[in-house]
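Report on the structure given below.
The values are calculated or read from the model by the stated rules, or taken from the named source; none is laboratory data. Bear in mind the structure is a predicted one, so any value in this text is a computation, not a measurement. Because the Cβ atoms are built from the backbone with ideal geometry, glycine has one as well, and the counts that use them run over all protein chains shown. Protein only, heavy atoms only, side chains kept; ligands, DNA and RNA dropped before computing areas. Shrake-Rupley method; radii C 1.70, N 1.55, O 1.52, S 1.80 Å.
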Amino acid sequence: SFISPPQMPASRSFDAPLLVLWLCGSLLLSARIAGSALALRRRRATWVALDLGNERVLVSDQLGPAVIGWPRVTTVIPRWAFTLDEPARGLMLQHESEHARAGDPHLRMLALLALVVMPWNPAIWWAMRRLRLAVEIDCDRRLLARGVDPRQYASLLLAVGERYLSRQTAHLGG
(Lines give C-alpha, C1' and ligand atoms only; values in the text may rest on other atoms or scores of the structure.)
Protein backbone atom coordinates (compact mmCIF):
# COMPACT_ATOMS: atom_id res chain seq x y z
CA SER A 1 0.00 0.00 0.00
CA PHE A 2 1.25 3.44 -0.95
CA ILE A 3 1.54 5.95 1.90
CA SER A 4 1.25 9.52 0.75
CA PRO A 5 3.37 12.18 2.41
CA PRO A 6 1.60 14.56 4.75
CA GLN A 7 0.12 17.54 2.97
CA MET A 8 1.56 20.95 3.71
CA PRO A 9 -0.94 23.51 4.89
CA ALA A 10 -1.84 26.00 2.17
CA SER A 11 -0.25 28.86 4.12
CA ARG A 12 3.18 27.18 3.93
CA SER A 13 3.08 27.19 0.15
CA PHE A 14 3.48 31.00 0.28
CA ASP A 15 6.53 30.98 2.56
CA ALA A 16 9.22 30.63 -0.11
CA PRO A 17 7.80 33.23 -2.54
CA LEU A 18 7.22 35.69 0.30
CA LEU A 19 10.76 35.17 1.57
CA VAL A 20 12.09 35.83 -1.94
CA LEU A 21 9.99 39.00 -2.20
CA TRP A 22 11.18 40.13 1.23
CA LEU A 23 14.84 39.57 0.34
CA CYS A 24 14.41 41.28 -3.04
CA GLY A 25 12.78 44.28 -1.37
CA SER A 26 15.59 44.53 1.17
CA LEU A 27 18.25 44.15 -1.52
CA LEU A 28 16.62 46.77 -3.77
CA LEU A 29 16.33 49.24 -0.91
CA SER A 30 19.93 48.52 0.13
CA ALA A 31 21.08 49.12 -3.45
CA ARG A 32 19.19 52.41 -3.58
CA ILE A 33 20.73 53.55 -0.29
CA ALA A 34 24.21 52.52 -1.47
CA GLY A 35 23.66 54.38 -4.75
CA SER A 36 22.61 57.51 -2.86
CA ALA A 37 25.66 57.23 -0.60
CA LEU A 38 27.97 56.93 -3.61
CA ALA A 39 26.32 59.91 -5.32
CA LEU A 40 26.75 61.93 -2.13
CA ARG A 41 30.40 60.90 -1.93
CA ARG A 42 30.97 62.08 -5.53
CA ARG A 43 29.26 65.39 -4.81
CA ARG A 44 31.21 65.76 -1.57
CA ALA A 45 34.48 65.68 -3.51
CA THR A 46 33.50 69.01 -5.12
CA TRP A 47 32.72 70.77 -1.84
CA VAL A 48 35.07 73.21 -0.16
CA ALA A 49 36.15 72.57 3.43
CA LEU A 50 36.69 75.57 5.67
CA ASP A 51 36.73 76.59 9.30
CA LEU A 52 33.79 78.63 10.55
CA GLY A 53 34.23 79.65 14.13
CA ASN A 54 35.67 76.58 15.80
CA GLU A 55 34.01 74.09 13.45
CA ARG A 56 35.17 72.53 10.21
CA VAL A 57 32.36 72.59 7.63
CA LEU A 58 31.85 71.70 4.01
CA VAL A 59 30.35 74.27 1.65
CA SER A 60 28.03 72.95 -1.05
CA ASP A 61 26.36 74.65 -3.97
CA GLN A 62 23.08 72.80 -3.46
CA LEU A 63 22.98 70.64 -0.34
CA GLY A 64 22.49 71.84 3.20
CA PRO A 65 22.27 72.91 5.82
CA ALA A 66 22.69 69.35 7.07
CA VAL A 67 24.87 66.95 8.97
CA ILE A 68 26.04 64.00 6.92
CA GLY A 69 28.20 60.95 7.42
CA TRP A 70 28.34 57.92 9.58
CA PRO A 71 29.83 57.15 12.04
CA ARG A 72 31.60 60.53 12.04
CA VAL A 73 29.34 63.38 11.01
CA THR A 74 30.25 66.56 9.16
CA THR A 75 28.27 69.76 8.82
CA VAL A 76 27.41 70.90 5.31
CA ILE A 77 26.22 74.41 4.67
CA PRO A 78 24.98 75.80 1.38
CA ARG A 79 26.96 78.54 -0.35
CA TRP A 80 23.97 80.88 -0.03
CA ALA A 81 24.46 80.79 3.76
CA PHE A 82 27.21 83.37 3.26
CA THR A 83 24.55 85.87 2.20
CA LEU A 84 23.17 85.67 5.76
CA ASP A 85 24.49 87.91 8.48
CA GLU A 86 26.99 86.44 10.94
CA PRO A 87 24.48 85.79 13.77
CA ALA A 88 22.08 83.94 11.42
CA ARG A 89 24.91 81.84 9.98
CA GLY A 90 26.09 81.09 13.52
CA LEU A 91 22.57 80.00 14.42
CA MET A 92 22.52 77.72 11.37
CA LEU A 93 25.75 76.11 12.55
CA GLN A 94 24.37 75.81 16.07
CA HIS A 95 21.31 74.00 14.74
CA GLU A 96 23.39 71.50 12.77
CA SER A 97 25.84 71.03 15.66
CA GLU A 98 22.90 70.26 17.91
CA HIS A 99 21.82 67.48 15.56
CA ALA A 100 25.33 66.00 15.73
CA ARG A 101 25.57 66.41 19.51
CA ALA A 102 22.22 64.70 20.07
CA GLY A 103 23.14 61.77 17.81
CA ASP A 104 20.32 62.45 15.37
CA PRO A 105 22.23 61.08 12.34
CA HIS A 106 22.84 57.82 14.21
CA LEU A 107 19.17 57.56 15.15
CA ARG A 108 18.16 58.06 11.54
CA MET A 109 20.68 55.43 10.46
CA LEU A 110 19.12 52.92 12.87
CA ALA A 111 15.68 53.75 11.48
CA LEU A 112 17.01 53.24 7.96
CA LEU A 113 18.35 49.85 9.03
CA ALA A 114 14.88 48.90 10.30
CA LEU A 115 13.49 49.95 6.93
CA VAL A 116 16.00 47.74 5.09
CA VAL A 117 15.14 44.78 7.32
CA MET A 118 11.38 45.24 6.85
CA PRO A 119 10.80 47.20 3.63
CA TRP A 120 7.29 45.77 3.30
CA ASN A 121 6.12 47.25 6.59
CA PRO A 122 4.13 50.47 5.99
CA ALA A 123 4.32 51.35 9.69
CA ILE A 124 8.11 51.64 9.45
CA TRP A 125 7.87 53.87 6.36
CA TRP A 126 5.40 56.06 8.23
CA ALA A 127 7.59 56.09 11.36
CA MET A 128 10.63 57.06 9.27
CA ARG A 129 8.80 60.10 7.90
CA ARG A 130 7.58 61.04 11.38
CA LEU A 131 11.08 60.58 12.81
CA ARG A 132 12.50 63.19 10.42
CA LEU A 133 9.93 65.70 11.62
CA ALA A 134 10.37 64.76 15.29
CA VAL A 135 14.15 65.14 15.07
CA GLU A 136 13.78 68.67 13.66
CA ILE A 137 11.18 69.71 16.22
CA ASP A 138 13.27 68.33 19.06
CA CYS A 139 16.37 70.15 17.81
CA ASP A 140 14.40 73.39 17.61
CA ARG A 141 13.06 72.85 21.14
CA ARG A 142 16.55 72.27 22.56
CA LEU A 143 17.96 75.40 20.94
CA LEU A 144 15.07 77.56 22.13
CA ALA A 145 15.42 76.11 25.64
CA ARG A 146 19.06 77.28 25.61
CA GLY A 147 17.95 80.84 25.06
CA VAL A 148 18.16 81.28 21.29
CA ASP A 149 16.13 84.31 20.23
CA PRO A 150 12.83 82.90 18.87
CA ARG A 151 12.37 85.69 16.29
CA GLN A 152 15.86 85.36 14.91
CA TYR A 153 15.53 81.57 14.84
CA ALA A 154 12.13 81.71 13.11
CA SER A 155 13.60 84.06 10.48
CA LEU A 156 16.42 81.60 9.84
CA LEU A 157 14.01 78.66 9.55
CA LEU A 158 11.90 80.63 7.08
CA ALA A 159 14.97 81.54 5.02
CA VAL A 160 16.08 77.91 4.88
CA GLY A 161 12.56 76.74 4.03
CA GLU A 162 12.21 79.36 1.32
CA ARG A 163 15.50 78.30 -0.29
CA TYR A 164 14.52 74.65 -0.08
CA LEU A 165 11.13 75.27 -1.69
CA SER A 166 12.58 77.42 -4.45
CA ARG A 167 15.15 74.69 -5.19
CA GLN A 168 12.39 72.05 -5.28
CA THR A 169 10.26 74.20 -7.58
CA ALA A 170 13.22 74.82 -9.91
CA HIS A 171 14.01 71.09 -9.88
CA LEU A 172 10.44 70.26 -10.88
CA GLY A 173 10.60 72.78 -13.70
CA GLY A 174 7.95 75.10 -12.24
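Tabulated data
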{"read-out": "Segment ARG79-ARG146, length gained on full extension (0.36 nm per residue, minus Cα span)", "value": "21.4 nm"}
{"read-out": "Semi-axis lengths (Å, descending) of the ellipsoid that matches the C-alpha gyration tensor of region 19-121", "value": "32, 15, 10"}
{"read-out": "Net charge of neighbours whose Cβ lies under 13 Å from the Cβ of GLU55, counting Lys and Arg as +1 and Asp and Glu as -1", "value": "0"}
{"read-out": "Net charge of Cβ neighbours under 14 Å - reference GLY147; Lys, Arg +1; Asp, Glu -1", "value": "+1"}
{"read-out": "Under 5 Å, built H, 5+ apart or other chain: amide partners of LEU52", "value": "VAL57"}
{"read-out": "Of all accessible heavy-atom area on region 21-123, the percent that carbon and sulfur account for (1.4 Å)", "value": "64 percent"}
{"read-out": "Net charge over other residues, Cβ less than 12 angstrom from the Cβ of GLY161 (K, R count +1; D, E count -1)", "value": "0"}
{"read-out": "Stretchable slack from MET128 to ARG32, in nm (0.36 nm times residue separation minus alpha-carbon distance)", "value": "32.9 nm"}
{"read-out": "Per-selection Rg to Rh, region 69-117 - Cα, Kirkwood hydrodynamic radius", "value": "1.12"}
{"read-out": "Furthest towards positive pole of dipole, PRO119, VAL135, ALA88, structure part region 61-139, Cβ charges", "value": "PRO119"}
{"read-out": "Heavy-atom accessible area order for CYS139, CYS24, largest first, 1.4 Å probe", "value": "CYS24, CYS139"}
{"read-out": "Hull-based mean projected area of region 111-155, where the convex hull spans the alpha carbons, in square nanometres", "value": "3.8 nm²"}
{"read-out": "The chain: DSSP helices with Cα axial extent of at least 27 Å and average Kyte-Doolittle hydropathy no lower than -0.5", "value": "15-44, 122-145, 150-172"}
{"read-out": "For q = 0.20 Å⁻¹, Debye-computed log10 I/I(0) when each Cα of the chain counts as one equal scatterer", "value": "-1.49"}
